[in-house]
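Peer 1: Dropping a structure here in structure tokens format, bear with me for questions.
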Amino acid sequence: MKLKRLLTTVVFASVAFILVACSTQTQSGGKKVIKVATDSDTAPFTYKENKAFKGYDIDVVKAIFKDSKEYKVEFVTTAFDSILTGVDADRYQIAANDFNYNEERAQKYLFSDPISHSNYAITSAEGTSYDSLDDLSGKKTEVISGSNYAQVLEKWNKDNPDKEPIKIKYAASSTGLTTRVQHIENGTIDFILYDAISSNYLIEDQGFNLTVTNVKEKVGGENDGLEYLLFADTSDGKELQAFVNKRLKTLKEDGTLAELSQTYFGGDFVSSVKS
């Protein structure tokens with residue numbers, strides 16, 4: 001009996017130790033750890049430099065949580081199509097990866113106030129310019145499944161059954177924008193639909209001989225081109241959303257967001273955005 005009681009005590013002690021250990025994973029010095037998921041491959045919004053997290057989205061999040069007495073931030077690199085599933089599972093509490101608005105996401109997630117605004121743009125071979133979705137009829141492209149850009153092109157195909165469809169190839173989530181842009185240069189595809197900020201940054205930074213053209217027509221609804229941080233649609237997510245939005249208002253008013261936009265985008269893509 002004594003041996004049985006001893007074993008029971010050891011088991012309970014072990015369980016208690018594990019629970020304490022798990023608790024310390026979510027608390028750091030009394031602060032709640034907020035894990036921010038990003039693919040680290042969407043410059044200038046998010047990327048790695050000498051293994052350090054860099055980019056507009058990264059520095060915005062850092063500014064939001066700077067000097068917070070309640071929260072501590074940790075950034076995590078994961079494949080793009082795993083970011084939101086990780087939010088679903090509460091592995092991550094914030095998704096930060098140049099996320100745009102769409103109805104499907106709005107049914108599942110909470111959005112921050114917008115943190116930047118950029119037009120859609122079409123990157124194509126040098127000397128070839130496409131400035132509307134109609135121009136893309138019959139042309140080949142690569143997209144990441146589930147992205148806003150994929151949904152825009154899929155919708156065009158659905159809405160235009162009388163026209164030759166845009167030929168969409170779904171690339172692996174690990175296939176970065178740089179790789180897909182290289183496929184334009186080697187003739188594998190004809191274009192990439194992406195946001196103007198990222199497209200112009202990449203072409204200039206990597207020295208590609210390609211053409212970037214803003215889409216003239218309005219694509220999507222009133223949220224077209226706006227960028228957001230995303231949260232789980234839970235009580236914890238709502239609490240975090242409220243904290244983030246309060247800080248974003250301050251950062252916009254004191255000029256921090258405009259300064260970061262100038263640093264990473266080469267212009268102010270924030271001040272004109274309405275919350």
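Peer 1: Only one of (1) in contact with a Ser or Thr (Cβ under 7 Å, 6 or more places away or on another chain); (2) buried (at least 17 other Cβ atoms within 10 Å of the Cβ) is not met by Q206, so which one is it?
Peer 2: The number of the failed condition is (2).
Peer 1: Something else about it: If only one of L177, L210, L230 is hydrophobic (A, V, I, L, M, F, W, C) and assigned by the TED database to the domain that holds E104, which one is it? Let's see the steps before the verdict.
Peer 2: Values: L177 fails: assigned by the TED database to the domain that holds E104; L210 fails: assigned by the TED database to the domain that holds E104.
The match here is L230.
Peer 1: May I ask you to say which residue of L153, L226, L210 is in contact with a Leu (Cβ under 7 Å, 6 or more places away or on another chain) and touching a residue at least 24 places away in the same chain (Cβ under 8 Å)?
Peer 2: Details: L226 fails: in contact with a Leu (Cβ under 7 Å, 6 or more places away or on another chain); L210 fails: in contact with a Leu (Cβ under 7 Å, 6 or more places away or on another chain).
Result of the check over L153, L226, L210: L153.
Peer 1: Checking D81 against (1) within 24 Å of S261 (Cβ to Cβ); (2) open to solvent by 40 Å² or more (accessible area, probe 1.4 Å); (3) in a helix (DSSP H, G or I); (4) of a type outside the set (G, A, S), which test does it fail?
Peer 2: Here D81 clears every test but (1).
Peer 1: Additional query: Name every residue in the stretch 94-148 that is hydroxyl-bearing (S, T, Y) and under 27 Å from E164 (Cβ atoms), in order of residue number.
Peer 2: If we filter the stretch 94-148 for residues that are hydroxyl-bearing (S, T, Y), which is where we start, we get 101, 109, 112, 116, 118, 120, 123-124, 128-130, 132, 137, 141, 145, 147.
Residues satisfying the conditions are Y120, T123, S124, T128, S129, Y130, S132, S137, T141, S145, S147.
Peer 1: State which residue is surrounded by the fewest Cβ atoms within 10 Å (Cβ to Cβ) when the search covers only the stretch 220-267 and only residues that are part of a strand (DSSP E or B) and aliphatic (A, V, I, L, M). Working first, answer last.
Peer 2: Here is the first cut: in the stretch 220-267, the residues part of a strand (DSSP E or B) are 226-232.
Keeping just the survivors that are aliphatic (A, V, I, L, M) gives 226, 229-230, 232.
Numbers: L226: 19, L229: 26, L230: 26, A232: 23.
Only one residue fits best here, namely L226.
Peer 1: Which members of the stretch 235-249 meet the condition of being more than 29 Å from V215 (Cα to Cα) and in contact (Cβ under 8 Å) with a residue 24 or more places away in the chain?
Peer 2: Correct list: D236, G237, K238, L240, Q241, F243, V244, N245, R247, K249.
Peer 1: Follow-up question, since we're still on this one. Applying the selection to the stretch 44-74, what residues are open to solvent by 20 Å² or more (accessible area, probe 1.4 Å), touching a strand residue (DSSP E or B) at 6+ places or on another chain (Cβ under 8 Å) and assigned to a loop (DSSP other than H, G, I, E, B)?
Peer 2: Matches in the stretch 44-74: K69, E70.
Peer 1: Confirm whether V273 is open to solvent by less than 90 Å² (accessible area, probe 1.4 Å), modelled with pLDDT of 95 or more and β-branched (V, I, T). Don't jump to the end; show me each part of the working.
Peer 2: Values: open to solvent by less than 90 Å² (accessible area, probe 1.4 Å): yes; modelled with pLDDT of 95 or more: no; β-branched (V, I, T): yes.
Criteria not met by V273.
The values are calculated or read from the model by the stated rules, or taken from the named source; none is laboratory data. Given the structure is predicted, the values throughout are model-derived calculations rather than measurements. Cβ: placed from backbone, ideal geometry, glycine included. Neighbour counts: every protein chain shown. Note: areas computed on protein heavy atoms with side chains; ligands, DNA, RNA excluded. Shrake-Rupley method; radii C 1.70, N 1.55, O 1.52, S 1.80 Å.
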